[in-house]
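Heads up, the thing below is written out as structure tokens.
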Amino acid sequence: MFLLLFTILLFSLIAWKGLKFVNYIDNVMGIMEKIPGPTPYPFVGNLFQFGLKPEEYPKKILQYCRKYNFQGFRSMVFFQYHVMLSDPAEIQNILSSSSLLYKEHLYSFLRPWLGDGLVTAAGARWLKHRQIYAPAFEQNAVNGYLQVVHQAGKRLVAKLAERAAADGVAKVLDVQPLLGKCTLDIAVENATGIPSFELNDGRTELHAAIIDLCDVIKERTFSIVKRFDTLFQLTPHYWKQRIALSTLERIINKIVDQRRQSLQQSAQQPPMQQQQQEQKLLTRTTVRPFLDVLLNAQLDRRTLTNREIFEELSTFIFTEHNCTTSALSFTLYILSRHNDIQAKLYAEQQGIFGTDSAEQLANVSSVECVHLEQMRYLEFVIRETLRLYPSVPLIARTNRKAIDIDGMKIAKRTTVIMCLIAMGYNEKYFNEPTVFRPERWEHINVNESMGLQAFTSVPFSAGPRRCIAEKYAMYELKALLSMIVRNLEILPAKDGLPSGINDHSRMDCVPQSEYDPILNIRVTLKSENGIQLRLKRRINATKQKSRVVTK
């Protein structure tokens, strides 16, 4: 009798829960099906319509954005609804909101490594962690980071110069890998204070672990199987991730413990010795690594745990390495196809450093913030590049309650994806969008936080979650590009190639040449076939050798 009663109650509970779930799905579908979008297939939704390969996905996103006139449209993958936005007015509604700060679903595969670091944290936790970051991007800290950028930049230019032609015809070079090694060196050293020489083939366990983890994230981005945690654990990439995470945590924890002990010993010294120690720190390559900020930070009136420090250091390294590599790569690609713009950049460098001598310009000993601030045309070039090739092509938010965007009702728990990669091709906001025109930005105040103009191009996001490191990121890009342009002429892979800017939002778009980048989205924007170009030294090899000898 008791067993019968229990069975009846159990089935009643299951039926009630099932009915509630069906009603919920019916309610959500009733809301979401009012939004235009491609017809989903059973179970898989629109998965196959967006392509299963990394290089197909950007094209499909762009084409669907144009198909729906760059207005919001609906898509579905399995049972998860997405709303894709590319109109600045719609994106302004999302990014300006102080409540839509949650990143779920699409960012889940980052969490095994980055945990609840600043990129993946949400709500109140994100706000607290953002406050921790503030001292890391004060001017004194940025000045220290730029010293590391300058040293790594010199090594990068030397490596590129080895592959450049002095007078003859240069060979085609894929610069993407070298740029990645350079930015990894910068990110690791600025994060930990430990010198890094991946660019000079000085790979360590730390570098290998970071590269393995980045590879796993890229692999999971577009794998149907590997995106699901349970299925991912059955693949070799899961064990690759576990080994890399274990290695990285061991190394980072050792660095953290040593640095914490060093800071504690310094704090216990007499005042005179403390002043001497501070003076020594001022002469270090990295004046104050990001690790020092974390060790001195307070979260809920306590110091950060080693795990929290690991997550924030990992976030710092991951974002600086990948985003900077992407922006540098596509800017060099653009310069290789626009010799007139490159000439203007070189002229700007001549004006800032007060010399027409190619040798003196290439041999500038140091680039300070005051110089970087004067590089306005270079900033316009970077901003125009990011309009067409945003380093982070998609930004996602999850709404925890139903919302309304300009009359478009969106059910709760929907993933809202902002397609930054499509925004730059909207003729409503950018006249002749496939023409590379840096002057567009001459009269636009990119620091404006309100108004539609601030949301026409948002490569660093906008609103409350705008990138806290934007100023430093722009300084870093300017410093590295300045060094490259002053030393090397950037040439197309083959003489006579066109601009190479392809509007893939149009169905009839055909790449202009075999050397045009094949875009893929693996968290950040990359080129599947590399960034192929040629380089030529601005001063001949004999002068370069004599310059090295005199040093």
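The values are calculated or read from the model by the stated rules, or taken from the named source; none is laboratory data. All values derive from a computational prediction rather than experimental measurement. A quick note on method: Cβ atoms are made from the backbone with ideal geometry, for glycine too, and the neighbour counts reach across all protein chains shown. Heavy atoms of the whole protein, side chains included, go into the accessibility calculation; ligands, DNA and RNA do not. Shrake-Rupley method; radii C 1.70, N 1.55, O 1.52, S 1.80 Å.
Here are the numbers for the structure shown:
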{"quantity": "Flag if residue 303 is under 22 Å from residue 521 (Cα atoms), surrounded by fewer than 24 Cβ atoms within 10 Å (Cβ to Cβ), among the polar types (S, T, N, Q) and out of contact with any helix residue (DSSP H, G or I) (no Cβ under 7 Å at 6 or more places or on another chain)", "calculated": "no"}
{"quantity": "Answer from 308, 348, 373, 384 - the residue that is within 22 Å of the chain's Cα centre (by Cα), among the acidic types (Asp, Glu) and farther than 30 Å from residue 54 by Cα", "calculated": "308"}
{"quantity": "Contacts under 9 angstrom Cβ, first residue in segment 262-273 being closer than 20 Å to residue 289 by Cβ, partner open to solvent by 70 Å² or more (accessible area, probe 1.4 Å) and modelled with pLDDT of 70 or more, 6 or more apart", "calculated": "263/296"}
{"quantity": "Number of the exception - residue 239 against (1) modelled with pLDDT of 75 or more; (2) touching a helix residue (DSSP H, G or I) at 6+ places or on another chain (Cβ under 8 Å); (3) hydrophobic (A, V, I, L, M, F, W, C)", "calculated": "(2)"}
{"quantity": "Residue list for segment 365-377, filter: part of a helix (DSSP H, G or I), open to solvent by 20 Å² or more (accessible area, probe 1.4 Å) and not basic (Lys, Arg)", "calculated": "369, 370, 371, 373, 374, 377"}
{"quantity": "Those helices (runs of 4 or more DSSP H) lying entirely in segment 60-137 with at least 2 residues touching a Gly at 6+ places or on another chain (Cβ under 6 Å)", "calculated": "88-95"}
{"quantity": "Matching entry among 505, 499 (being part of a loop (DSSP other than H, G, I, E, B), open to solvent by 30 Å² or more (accessible area, probe 1.4 Å) and among the hydroxyl-bearing types (Ser, Thr, Tyr))", "calculated": "499"}
{"quantity": "Residue within segment 352-364 that is buried (at least 16 other Cβ atoms within 10 Å of the Cβ) and of a type in the set (Gly, Ala, Ser) present", "calculated": "yes"}
{"quantity": "Which numbered condition residue 472 fails, given (1) more than 30 Å from residue 370 (Cα to Cα); (2) in contact with a helix residue (DSSP H, G or I) (Cβ under 6 Å, 6 or more places away or on another chain); (3) surrounded by 15 or more Cβ atoms within 10 Å (Cβ to Cβ)", "calculated": "(1)"}
{"quantity": "Filter pass, residue 194 being at pLDDT 85 or above, in a loop (DSSP other than H, G, I, E, B) and touching a Leu at 6+ places or on another chain (Cβ under 9 Å)", "calculated": "yes"}
{"quantity": "When residues of segment 109-122 are limited to those that are open to solvent by less than 10 Å² (accessible area, probe 1.4 Å) and under 18 Å from residue 99 (Cα atoms), the one nearest to the chain's Cα centre (by Cα)", "calculated": "120"}
{"quantity": "Residues located in segment 26-75, provided they are open to solvent by 10 Å² or more (accessible area, probe 1.4 Å), touching a residue at least 60 places away in the same chain (Cβ under 8 Å) and β-branched (Val, Ile, Thr)", "calculated": "28, 31"}
{"quantity": "Extreme residue, surrounded by the fewest Cβ atoms within 10 Å (Cβ to Cβ), among residues of segment 528-551 that are in contact with a Phe, Trp or Tyr (Cβ under 9 Å, 6 or more places away or on another chain) and at pLDDT 95 or above", "calculated": "532"}
{"quantity": "Test: residue in segment 140-161 that is over 19 Å from residue 320 (Cα atoms), touching a residue at least 60 places away in the same chain (Cβ under 8 Å) and of a type in the set (Lys, Arg)", "calculated": "no"}
{"quantity": "Matching option when the condition is crowded, with 22+ Cβ neighbours inside 10 Å, modelled with pLDDT of 85 or more and assigned to a helix (DSSP H, G or I), among 181, 159", "calculated": "181"}
{"quantity": "Counted residues, segment 463-513 - those being among the aliphatic types (A, V, I, L, M), touching a Phe, Trp or Tyr at 6+ places or on another chain (Cβ under 8 Å) and under 23 Å from residue 66 (Cα atoms)", "calculated": "1"}
{"quantity": "Matching residues, segment 417-453, being modelled with pLDDT of 85 or more, surrounded by 14 or more Cβ atoms within 10 Å (Cβ to Cβ) and more than 18 Å from residue 63 (Cα to Cα)", "calculated": "436, 437, 438, 440, 441"}
{"quantity": "Filter result (over 18 Å from residue 466 (Cα atoms) and touching a Leu at 6+ places or on another chain (Cβ under 7 Å)) within segment 322-344", "calculated": "325, 326, 328, 329, 331, 332, 333, 336, 337, 341, 342"}
{"quantity": "Every pair of residues 6+ apart whose Cβ atoms lie under 8 Å, when the first sits in segment 184-204 and is open to solvent by less than 10 Å² (accessible area, probe 1.4 Å) while the second is in a loop (DSSP other than H, G, I, E, B) and small (Gly, Ala, Ser)", "calculated": "184/196; 185/196; 186/196; 188/196; 196/202"}
{"quantity": "Residue list for segment 289-338, restricted to those being of a type in the set (Gly, Ala, Ser) and not in a helix (DSSP H, G or I)", "calculated": "297"}
{"quantity": "Every pair of residues 6+ apart whose Cβ atoms lie under 6 Å, when the first sits in segment 282-307 and is at pLDDT below 85 while the second is assigned to a loop (DSSP other than H, G, I, E, B) and not polar (S, T, N, Q)", "calculated": "286/193"}
{"quantity": "Per-region count, segment 498-525, residues touching a strand residue (DSSP E or B) at 6+ places or on another chain (Cβ under 7 Å) and either closer than 24 Å to residue 158 by Cα or modelled with pLDDT under 90 (or both)", "calculated": "1"}
{"quantity": "Boolean, residue 355 is under 26 Å from the mean Cα position of the chain (by Cα) and among the hydroxyl-bearing types (Ser, Thr, Tyr)", "calculated": "no"}
{"quantity": "Test: residue in segment 479-487 that is among the hydroxyl-bearing types (Ser, Thr, Tyr), assigned to a helix (DSSP H, G or I) and open to solvent by less than 10 Å² (accessible area, probe 1.4 Å)", "calculated": "yes"}
